[in-house]
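Colleague: Below you'll find the structure I mean.
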Amino acid sequence: MKNNADALIFHTPICAEASQIGFDATIEIVCTTALAVFSIAQFLRYASEWRISMAKQYETVIGLEVHVELATKTKIFCGCSTEFGGAPNTHTCPVCTGMPGSLPVLNKQVVEYAAAVGLATNCTITQYCKFDRKNYFYPDNPQNYQISQLYLPICRDGHVDIKLEDGTTKAIRIHEIHMEEDAGKLIHDDWEDVSFVDFNRSGVPLIEIVSEPDMRSAKEVIAYLEKLRLIIQYLGASDCKLQEGSMRADVNLSVREVGATDFGTRTETKNLNSFSAIARAIEAERDRQIDLIESGQKVIQETRRWDDNKAYSYAMRSKEDAQDYRYFPDPDLVPLHISDEWLETIKSRQPEFKSEKMERYAKEFGIPEYDIEMITDSKRLADLFEETTALCNQPKKVANWIIGEIMRILKDKSLEPEDISFDASNLAKLIALVDAGTINGNVAKDVFVKIFEENVDPEQYVKENGLGQISDEGALRATVEKIIADNPQSVADYRGGKDKALGFLVGQTMKAMKGKANPGLVNKILKELL
Amino acid sequence: MELLDMTAVELAKAIKEGKTTAVEAMEAVIAQIECTESEYNCYVTFDKEAALNEAKEVQKKIEAGTLNGLLAGVPVAVKDNMCTEGVLTTCSSKILENFIPQFSSEAVVRLKEAGAVMIGKTNMDEFAMGSTTETSAFGVTKNPRNPQHVPGGSSGGSAAAVAANEAFCALGSDTGGSIRQPASYCGVVGMKPTYGTVSRYGLIAYGSSLDQIGPLTKDVTDCATIMEVIAAHDPKDSTSIKREDTNFTAALVNDVKGMKIGIPKDYFGEGLDLEVKEAVLKAAEILKEKGAVVEEFDLSLVEYAIPAYYTIAAAEASSNLERFDGVKYGYRVKDYEGLHNMYKKTRSEGFGAEVKRRIMLGSFVLSSGYYDAYYLKALKVKAMIKKAFDEAFAKYDVILGPVAPTTAPKLGASLSDPIKMYLGDIYTISVNLAGLPGISVPCGNDSKGLPIGVQMIGNSFSEKTLIQAAYTYEQARMED
């Protein structure tokens, strides 16, 4: 009896409490308790649906602070590499480790990327801007101040348009974009109870894009983030990978009754590492705030940390213990003057964005709008499309590969288009091999997996592995003759008028030739012999 | 001529001519240090063996003909707030008592490229905060002209080392007068260059927008020579300026005919010691005799310079000194509970009283709600002071006045009253606020035998004019 009970206790968290109640629970007690728990859970589920229906009376107001790691080769204030990874403290120097006497020197590429993002999001560029010090003590911050921009950020007053579900567009206003340096990373060794600091990330350039509180749902937030990501990827300013932290979003959220003009008290939720986590966190935080208000409590202005595994956020710090950052202009950096000329140069380098690309593709390549929409949704895919098409001049076939096999593999492997590493030339060669009849479509798919994974040269690969399509009539005829001899019933069926039987015979022939037979020829020979 | 009585330039010439060697020069300095250092305490770090070995290396290169710089073989002292690769750099603070930098400051690199040999690191007010070198965590430095008195500060160790022949010349740093005032108290020449002329890379910052490195020397010729060596554009320092006119020795011309010298009346009012006043006005008289046009004028705003300076310098210092937290380098308290307790105890024990006072002052003026009222207002005063100087320099080539209201005070007399100590900076700090060059040249002694300095202030980038005026004055004094 007791063993069974233990097994249940092990699996059901609520029943685990039973082991601490001071008596041996019988299996009956454990089971009835579990049943009670289930019904409570059921009730809560209903309750939550009921609340959602009530939530119609509330409006969620969301603003985002999005940090984007810029794709510069070197850090914002020194010449160290920004490469991700590397042994701790190997991409460091006196500047990014805050050694006494070291001084920052601004990386111009950071300014250009920041301004480019600002221009692409319809911001006004602050041509006379400054860097400020944000002072706070934390060991991942070697100087105990972060160089950022408060008083004169590089970009202000922009907006991006997002598409809503009903097909309309909505402008999300951008309050400002500022440049700043990233902090290092703390590594905690709980076993030894010590912490180590890795300054490799210290000084990696960031921009922070601060929106106005213009979003009203998780869907709008995701649409806004996807739009930002697309723009920034098109600019090549960042790869914007949420999982790796090169794009990070903090959610400022408040709720208010529909029709209210004043904002409610907002909270800031951090540690959101994927779009789905952002959506979950938004919904959970909305519900939490509505619960508080419904039960007559107040929302406290605070910073909360989201735990995606537990689908729960907890308070990190409230406004009361918010720090005074004592911002002031960094005297080590001279004010930055972005001349008209420099700004023009940055403008002239702006790439073709999605909408312009879509127009051009329709004109230039004549491929379906659906294909264009899919391909231009990613800068990487669009680049791959253009490169491959330039080599093989078969836009529709390239598009088919991209929205077919490539998207399937990306989805299966949970990869981003940015993870694609094979050469466009190999895809072009593959298309040529199929066109020439050297391999058939099924073999091509297998070869493509090899290209995707190992960037193999398909010509060489097909040759080395003997995958070439058999178009030798003599060899095919011999096999077909054998298949006809072995399948008298199907032959009879075909001759009796059942066309389906031909398909069976083709299949048998292909199978016998290990998929390498030229299907057109097989068809032709079969028909002849029959 | 006794080796130690030579100036740096005379010594460099003698070494070049083979009359003496870098090693002999260093040995003479070491002998002097062994004789007087126990009394004066000019140095925080002095490694006899290292200094001698470096002198030997340099001498070899001189003999091989591979080293031919302006200071080839000359022993120099370096203030302990300039980073020196592999050599302890403490800022005279307990919090950096064990800090050995990975790189040398740009000014030190340039000195060494010119062939100078470093003797050691000189004592200073902790983090350059003070006017007497008494706030050092490693003991006070005494004034070699009268050991009952302070050498001034914060570059007191550098000034005293030159005055005591414990160095042929030295580097100091000047945030509010920290080169000019100790030069004046110790009877040596000290120059604060135009902001941006000497790279701050490797200078452990106190007030970043005010700090400048400069020379402390036996005479104006040495001053011009060292300026020529250390002044250069440095891409590692964003505030460094590209200048073409750094051939400062070309300005060693004995002529001030037609030079317009303004005497700011505001610099000669209440609080100025009579003997200092007389000596400074006498200096002006000598330049007039040499052909300069001297007249009095109103500079105005002088009384606002002190609060503006202490607001800005303290604000910057409060942030600059945040990195000293016990995490990465320097002193860390042994027993602590958790991170914040470690910060608190380390910084409480690591910093001295004057440094803490300025960090608190700076944190206050930057805190939310006070930023506009204090920090921004101070920046406005700074801009107005710059404007007042611009107007003065439309009329005058040089502004001449005292360096400090008095000669060197007695040891221990200043620390008890920090406000009074701050007021002592009245004639020097507006020069830093306006980013201008200034030079302090000895102009006599008071009745107690303590040196007095005359300050000459020039417009931005007019070091050559200052050097010419100072050189002419120095030559005239020698003729007297």
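Colleague: From the residues B:171, B:473, A:235, which one has its Cα farthest along the dipole of the protein assembly as shown in the positive direction, the dipole being from +1 and -1 charges on Cβ of Lys/Arg and Asp/Glu about the Cα centre?
Modeller: Of B:171, B:473, A:235, it is A:235.
Colleague: Students often get this wrong, so check it: of B:56/B:242; A:450/A:514; B:79/B:328; A:73/A:363; B:121/B:218, which have C-alpha atoms separated by over 26 Å?
Modeller: B:56/B:242; A:73/A:363, as the Cα separations exceed 26 Å there.
Colleague: If I take every Cα pair under 8 Å that is 6 or more residues apart in chain A, average their sequence separation and divide by the length, what percent do I get for the relative contact order?
Modeller: Computed value for chain A: 12 percent relative contact order.
Colleague: Using only Cα atoms and rounding to the nearest 10 degrees, what angle (0 to 90) does helix A:519-529 make with the longest principal axis of chain A?
Modeller: 20
Colleague: What do the square roots of 5 times the Cα gyration tensor eigenvalues come to for segment B:279-323, in whole Å, largest first, as semi-axes of the equivalent ellipsoid?
Modeller: Ellipsoid half-lengths, sorted descending, are 38, 14, 8 Å.
Colleague: Under 19 Å between alpha carbons, and skipping anything fewer than 8 positions from residue A:347 in its own chain: which aspartates and glutamates qualify?
Modeller: A:112, A:157, A:176, A:356
Colleague: Which helices pass in chain B if a helix is a full DSSP H run, must span at least 18 angstrom along its long axis by Cα, and must have mean Kyte-Doolittle hydropathy not below 0.0?
Modeller: B:22-40, B:274-289, B:302-320, B:353-366
Colleague: Right, next: In whole Å, how far is the Cα centre of segment A:393-446 from that of segment B:163-213?
Modeller: A separation of 68 Å, based on Cα centres.
Colleague: Another one. Can you tell me the orientation of helix A:218-235 relative to chain A, as the angle in degrees between its alpha-carbon axis and the longest Cα principal axis, to the nearest 10?
Modeller: It works out to around 80 degrees.
Colleague: In nm, to one decimal, how far is the modelled label at residue B:270 from the one at residue A:432, with both set 7 Å along Cα→Cβ?
Modeller: It works out to 9.4 nm between the two label points.
Colleague: If the viscosity is 1.567 mPa s and the temperature 4 °C, what translational diffusion coefficient in µm²/s does Stokes-Einstein give for chain B when Rh comes from Kirkwood over Cα pairs?
Modeller: 59
Colleague: While we're looking at this one, here's another question. For segment B:239-365, what's the relative contact order in percent, using C-alpha pairs closer than 8 Å and at least 6 residues apart?
Modeller: It rounds to 25 percent for segment B:239-365.
Colleague: Another question, if that's okay. Sorted from fewest to most neighbouring beta carbons within 10 Å, what does the list A:216, A:280, B:347 look like?
Modeller: A:216, A:280, B:347
Colleague: When a footprinting reagent is the concern and you count Cβ atoms within 10 Å, what order do B:91, A:78 take, fewest first?
Modeller: A:78, B:91
Colleague: Rounded, prolate or oblate: which fits segment B:347-413 when a ≥ b ≥ c are the square roots of the eigenvalues of the alpha-carbon gyration tensor, with rounded for a/c under 1.5 and prolate only if a/b beats b/c?
Modeller: Cα axes put segment B:347-413 in the oblate bin.
Colleague: Would you work out the Kirkwood radius for segment A:218-335? I mean one over the mean of 1/r across all pairs of different Cα atoms, in Å.
Modeller: Over segment A:218-335, the inverse of the mean reciprocal pair distance is 16.3 Å.
Colleague: Based on the Cα coordinates of segment B:412-468, what is the per residue volume of their convex hull in Å³?
Modeller: Roughly 90 Å³ of hull volume per residue.
Colleague: With N residues in segment B:341-453, what two-decimal value do you get for its Cα radius of gyration over 2.2 N^0.38 Å?
Modeller: 1.39
Colleague: Below 8 Å between Cα atoms, with a sequence gap of 6+, how large is the relative contact order for chain B in percent?
Modeller: 17
Colleague: When A:401, A:191 are ordered from fewest to most other Cβ atoms inside 10 Å of their Cβ, what list results?
Modeller: Arranged by neighbour count, lowest to highest, A:401, A:191 become A:191, A:401.
Colleague: For segment B:102-171, max minus min Cα coordinate along each principal axis, in Å, sorted largest first?
Modeller: Rounded to whole Å, the extents work out to 38, 25, 15 Å.
Colleague: While we're looking at this one, here's another question. Return the Rg/Rh ratio of segment A:68-218 with Cα-based radii and a Kirkwood Rh.
Modeller: Rg/Rh: 1.05.
Colleague: Given charges of +1 on the Cβ of Lys and Arg and -1 on the Cβ of Asp and Glu, with all other atoms neutral, how large is the dipole of the protein assembly as shown about its Cα centre, in debye to the nearest 20?
Modeller: The dipole magnitude comes to about 1380 debye.
Colleague: Compute the separation of the alpha-carbon centres of segment B:342-384 and segment B:391-422 and state it in Å as a whole number.
Modeller: Between the Cα centres of segment B:342-384 and segment B:391-422 lies a distance of 23 Å.
Colleague: For chain A, what are the per-bin percents of Cα-Cα distances with bins 10 Å wide, up to the bin holding the maximum?
Modeller: 3, 13, 18, 19, 17, 13, 10, 5, 1, 0
Colleague: To continue, here is another question. Can you give the FRET efficiency for residue B:423 and residue A:425, using 1/(1 + (r/R0)^6), R0 = 56 Å, r = Cβ-Cβ distance, to the nearest 0.05?
Modeller: 0.15
Colleague: Give me the distance between the Cα centres of segment B:436-451 and segment A:338-380, rounded to whole Å.
Modeller: Using only Cα atoms to place each centre, the spacing works out to 70 Å.
Colleague: Taking a threshold of 18 Å on the Cα-Cα distance, which of the pairs B:16/B:60; A:108/A:357; A:357/A:445; B:19/B:112; B:192/B:277 fall above it?
Modeller: Cα-Cα > 18 Å for A:108/A:357; A:357/A:445; B:19/B:112; B:192/B:277; rest within.
Colleague: Return a single number: how many Lys pairs in segment B:338-480, at a sequence separation of 8 or more or on separate chains, have alpha-carbon atoms below 29 angstrom apart.
Modeller: So the count of such lysine pairs works out to 26.
Colleague: Now a separate question. Can you find, among A:205, A:113, A:146, the residue farthest towards the positive end of the dipole of chain A? Put +1 on the C-beta of Lys and Arg, -1 on that of Asp and Glu.
Modeller: Among A:205, A:113, A:146, the one farthest towards the positive end of the dipole of chain A is A:113.
Colleague: How about segment B:215-297: which GluC sites (Glu not before Pro) there are in a DSSP loop, with at most 14 other Cβ atoms within 10 Å of their Cβ?
Modeller: B:244, B:270
Colleague: Averaging over every viewing direction, what projected area does the convex hull of the Cα atoms of the protein assembly as shown cover, in nm²?
Modeller: That works out to 60.2 nm².
Just so you know, all these numbers are worked out from the coordinates, no wet-lab data involved. Owing to the predicted nature of the structure, the values given are computational and were not obtained by experimental measurement. Cβ sites come from the backbone with ideal geometry, for glycine too, and all protein chains shown count toward neighbours.
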